[in-house]
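J.: Before we start, here is the structure in question, set down as structure tokens.
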Amino acid sequence: MTRTRTRILVLGGGYVGLYATLMLQRKARKDVDITVLDRRPYMTYQPFLPEVAAGSIEPRHAVVPLRKELSGVKVIQGRVTQIRHADRVVDAATDFGDTLHVEYDEVILALGSVARTLPIPGLKEFAIGFKYVEEAINLRNRVLGRIARAASTGDPRLRKRLLTFVFVGGGFAGIEAFAETEDMAKAALRYYPEIDPKELRFIMVEAMGRILPELGPEMGEYAAKQMRARGTEVLMETKLESCVEGYVELSNGDSFEADTVVWTAGVKPSPLMGKSDLPLGPKGHVICSPTLQVTTEEGDVVPGAWAAGDCAQVPDLTKEQPAYCAPSAQHAVRQARHLGKNVARHLHERPLRQYSHKHLGLVASLGLNKGVANALGIKLKGWPAWFMHRTYHLMQIPTFNRKARIALDWTAAAFFRRDLVSMGRLHDPRRAFEEAAGS
């Protein structure tokens, strides 16, 4: 008698979606038919986005193509519109307007998070995010493009606006993007003798009393001191009040014009979680047990539903309860692998295991050859921390293909100066043809 294969639907192709699928293939390939549904056909390794923005890594090398790495898995490129778990169906839509209805037996929720924004005047219309590879490419082209425009204008007010870059949010993503792009901008000025380096203005705006709070007060103070020594402005206990059409107003009373505002002030669970009939926690996460099964508020398991990563409220068993795992890449990768193993155990009718992981430490880059780290209680600063940052993330990015390509990017950068060409027209590819056709 032929055994029926279980239909597994993975919603999301990020950390959790990719790693959980790979693990499930290893543990139960013959027993499952896996489908991955994601709007993007690749997984973005977000810790490398600052280096993508700075030109240290090729953008394509910081993403992992799902179809190439998930052999034997059906990949659907579309956006979730409704999760009807009671019917075991997910409704989705493609970018071309087609409607899909995907049936499943078990679903893995790996929808991740989106930028957590606030109702600040001008934010939606003017600011840019920093969560996806296309945003990192855009930031790079924007910074280099603004420098080139500033060198070509005789208007001092416009020049000042073009050379002012504001980053909001002093967490890991914000500080690394801030430091790497400032490093790149200063390197670019060697080709612009028309611009005095003192004209370049980089401003970090952080609402809390310190930056990089996850690393502790000492490392946060060190990072702020290093950034200020480079001539940047690090404003703490300060909020962005408005940025309408580039006119920035801060809670400390300061106001000025800036042509670039980058928002990196935290994340929230994907709003797609609200389009489901699954139980959600107070902040919009799907509620999970330590085995990564979806549960009700009372703790009853919802059959056929699993979740992990930024969209899941997972108990942190290393801390006194109630406590939940922080939304970090370290947790997401480990939860994903654990989830894949648990789904395989469930299919093979074996006992499930609880997820428990104590953070090994954290590392952050402050630009080329500079960083901070707190790993296993050992605090590192400067070049050793930067080297640890690169080594750790090189080990963590999936597939040997990507590891090799990134290592080659870094090796080339050791012998040649970084590429500082702006390709801003990339974002408007039809302009030249339209101008030619119009003439």
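The values are calculated or read from the model by the stated rules, or taken from the named source; none is laboratory data. Everything quoted here is computed from the prediction, not taken from an experiment. Don't worry about glycine lacking a Cβ; one is built from the backbone with ideal geometry, like all the others, and counts go over all protein chains shown.
J.: Scan region 266-281 residue by residue and report those that are of a type in the set (A, V, I, L, M, F, W, C), farther than 30 Å from E182 by Cβ and outside any helix (DSSP H, G or I). Talk me through it step by step, then tell me what you get.
T.: So in region 266-281, the residues of a type in the set (A, V, I, L, M, F, W, C) come out as 267, 272-273, 278, 280.
Okay, now just the ones that are also farther than 30 Å from E182 by Cβ, so 272-273, 278, 280.
Listed by number, the residues that qualify are L278, L280.
J.: From E180, E214, grab the single residue that is assigned to a helix (DSSP H, G or I), in contact (Cβ under 8 Å) with a residue 60 or more places away in the chain and under 19 Å from T260 (Cα atoms).
T.: E180
J.: Hey, could you check region 171-199 for residues that are surrounded by fewer than 20 Cβ atoms within 10 Å (Cβ to Cβ) and hydroxyl-bearing (S, T, Y) and say which is farthest from L250 (Cα to Cα)?
T.: Looking at the filtered set, the residue picked out is Y191.
J.: Please tell me if L352 is touching a His at 6+ places or on another chain (Cβ under 7 Å), outside the structural domain of G13 (by TED's automatic domain parsing) and touching a residue at least 12 places away in the same chain (Cβ under 8 Å).
T.: Working: touching a His at 6+ places or on another chain (Cβ under 7 Å): yes; outside the structural domain of G13 (by TED's automatic domain parsing): yes; touching a residue at least 12 places away in the same chain (Cβ under 8 Å): yes.
So L352 fits the description; yes.
J.: Residues G145, G154, G112: which one is at pLDDT below 95, more than 26 Å from G14 (Cβ to Cβ) and in contact with a Ser or Thr (Cβ under 7 Å, 6 or more places away or on another chain)?
T.: Details: G154 fails: in contact with a Ser or Thr (Cβ under 7 Å, 6 or more places away or on another chain); G112 fails: more than 26 Å from G14 (Cβ to Cβ).
Unique residue meeting the criteria: G145.
J.: Do you know which residues across region 200-239 are surrounded by fewer than 16 Cβ atoms within 10 Å (Cβ to Cβ), over 19 Å from S251 (Cβ atoms) and small (G, A, S)?
T.: Listed by number, the residues that qualify are G216, A229, G231.
J.: If you don't mind, there's one more thing I want to ask. For the subset of region 95-110 comprising residues that are touching a residue at least 24 places away in the same chain (Cβ under 8 Å) and not in a loop (DSSP other than H, G, I, E, B), which member is farthest from the chain's Cα centre (by Cα)? Even if it seems obvious, please write down each step before you answer.
T.: Filtering region 95-110 down to residues touching a residue at least 24 places away in the same chain (Cβ under 8 Å) leaves 95, 100, 102-110.
From what is left, the residues that are not in a loop (DSSP other than H, G, I, E, B) are 100, 102-103, 106-109.
On the way: L100: 27, V102: 27, E103: 29, E106: 27, V107: 23, I108: 20, L109: 17 Å.
Here the answer is E103.
J.: Turning to a different aspect of this structure: Could you check region 94-109 and list, in sequence order, the residues that are at pLDDT 95 or above and of a type in the set (A, V, I, L, M, F, W, C)?
T.: V102, V107, I108, L109
J.: Name the single residue that is modelled with the lowest pLDDT among those in region 339-364 being surrounded by fewer than 17 Cβ atoms within 10 Å (Cβ to Cβ) and among the polar types (S, T, N, Q).
T.: S356
J.: Considering only helices (runs of 4 or more DSSP H) fully contained in region 1-94, which possess at least 2 residues that are loosely packed, with under 15 Cβ neighbours inside 10 Å?
T.: Details: elements: 15-28, 49-54, 66-69.
Here the list reads 66-69.
J.: Still on this structure, I have one more. Report yes if some residue within region 222-243 is polar (S, T, N, Q), within 16 Å of G367 (Cβ to Cβ) and touching a residue at least 24 places away in the same chain (Cβ under 8 Å); otherwise report no.
T.: Applying the first criterion (polar (S, T, N, Q)) to region 222-243 yields 226, 232, 238, 242.
After this cut, where a residue has to be within 16 Å of G367 (Cβ to Cβ) as well, the list is 226, 232.
After this cut, where a residue has to be touching a residue at least 24 places away in the same chain (Cβ under 8 Å) as well, the list is 226, 232.
Yes, some residue in region 222-243 is polar (S, T, N, Q), within 16 Å of G367 (Cβ to Cβ) and touching a residue at least 24 places away in the same chain (Cβ under 8 Å).
J.: Among the residues of region 111-154, how many are in contact with a Cys (Cβ under 8 Å, 6 or more places away or on another chain) and in a loop (DSSP other than H, G, I, E, B)? I'd like the intermediate steps shown before the answer.
T.: As a first pass, look at region 111-154 and keep what is in contact with a Cys (Cβ under 8 Å, 6 or more places away or on another chain): 111-113, 120-123, 126-127.
Retained after the next criterion (residues that are in a loop (DSSP other than H, G, I, E, B)): 111-112, 120-122, 127.
Count: 6.
J.: Right, another one. Please indicate, with yes or no, whether at least one residue in region 303-315 is surrounded by 18 or more Cβ atoms within 10 Å (Cβ to Cβ), over 24 Å from the mean Cα position of the chain (by Cα) and not in a loop (DSSP other than H, G, I, E, B). Let's see the steps before the verdict.
T.: Of the residues in region 303-315, the ones surrounded by 18 or more Cβ atoms within 10 Å (Cβ to Cβ) are 305-315.
When the remaining residues are screened for being over 24 Å from the mean Cα position of the chain (by Cα), the result is 305.
Add one more test, that the residue is not in a loop (DSSP other than H, G, I, E, B), and what stays is 305.
Yes: one or more hits.
J.: Could you tell me whether region 358-380 includes any residue that is of a type in the set (G, A, S), without any contact (Cβ under 8 Å) to a residue 60 or more places away in the chain, out of contact with any strand residue (DSSP E or B) (no Cβ under 7 Å at 6 or more places or on another chain) and in a loop (DSSP other than H, G, I, E, B)?
T.: Checked region 358-380: at least one residue is of a type in the set (G, A, S), without any contact (Cβ under 8 Å) to a residue 60 or more places away in the chain, out of contact with any strand residue (DSSP E or B) (no Cβ under 7 Å at 6 or more places or on another chain) and in a loop (DSSP other than H, G, I, E, B).
J.: Another one. State whether the residues of region 365-374 include one that is under 16 Å from A20 (Cβ atoms), at pLDDT below 90 and among the polar types (S, T, N, Q). Don't jump to the end; show me each part of the working.
T.: The first filter runs over region 365-374 and keeps only residues under 16 Å from A20 (Cβ atoms), leaving none.
Among the residues of region 365-374, not one is under 16 Å from A20 (Cβ atoms), at pLDDT below 90 and among the polar types (S, T, N, Q), which makes the answer no.
J.: Which of the residues spanning region 244-265 are surrounded by fewer than 19 Cβ atoms within 10 Å (Cβ to Cβ) and part of a loop (DSSP other than H, G, I, E, B)?
T.: S251, N252, G253, D254
J.: Considering region 267-297 alone, what residues qualify as being free of Cβ contacts under 8 Å to residues at least 12 places away in the same chain and not aliphatic (A, V, I, L, M)? Walk me through how you get there before you give the answer.
T.: From region 267-297, those free of Cβ contacts under 8 Å to residues at least 12 places away in the same chain are 274, 280, 282; that's our starting set.
Once the filter is applied, which keeps residues that are free of Cβ contacts under 8 Å to residues at least 12 places away in the same chain and not aliphatic (A, V, I, L, M), region 267-297 yields G274, P282.
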